[in-house]
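*Asks:* Take a look at the following structure, please.
Every number in this text was worked out from the coordinates using simple rules, so none of it is lab data. Given the structure is predicted, the values throughout are model-derived calculations rather than measurements. In this analysis, Cβ positions are derived from the backbone assuming ideal geometry, glycine residues included, and neighbour counts consider all displayed protein chains.
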């Protein structure tokens, strides 16, 4: 039995932590660039623009991570097939911790 809660969050909603992390990283890079005297366009000082860039980076990082996972899975399946062929019996290859 679950206890009713007044918390309005939905349990299946994604966490915004990666986007916030990227926003803070971009702000830090802009701060360092300014400290070194690098002139940056004025639109980079707007928080909305930085959040849009961070959201886009999050999307590209997620897509890249997915592609890497697909490639890694293909290698593991191939390794299992080669090991099974050499042993003459089905073999499961142990997954490495990433």
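*Asks:* Name the residues in the stretch 45-98 that are in contact with a helix residue (DSSP H, G or I) (Cβ under 7 Å, 6 or more places away or on another chain) and within 30 Å of residue 29 (Cα to Cα), would you? Give the steps one after another, and end with the answer.
*Replies:* Of all residues in the stretch 45-98, those in contact with a helix residue (DSSP H, G or I) (Cβ under 7 Å, 6 or more places away or on another chain) come to 49-51, 53-55, 57-58, 90-93, 95.
Residues satisfying the conditions are 49, 50, 51, 53, 54, 55, 57, 58.
*Asks:* So which residues in the stretch 78-98 are in a helix (DSSP H, G or I) and exposed (fewer than 10 other Cβ atoms within 10 Å of the Cβ)? Step through it out loud before you land on a result.
*Replies:* Keep residues of the stretch 78-98 that are in a helix (DSSP H, G or I), which gives 78-87.
Matches in the stretch 78-98: 86, 87.
*Asks:* Taking the stretch 38-55 as the search range and keeping residues that are more than 10 Å from residue 22 (Cα to Cα) and part of a helix (DSSP H, G or I), which one is farthest from the chain's Cα centre (by Cα)?
*Replies:* Residues of the stretch 38-55 more than 10 Å from residue 22 (Cα to Cα): 38-49, 52.
Among the residues that remain, those that are also part of a helix (DSSP H, G or I) are: 42-45, 47-49, 52.
Values: 42: 28, 43: 26, 44: 23, 45: 25, 47: 21, 48: 21, 49: 20, 52: 16 Å.
Among those residues, the one meeting the criterion is 42.
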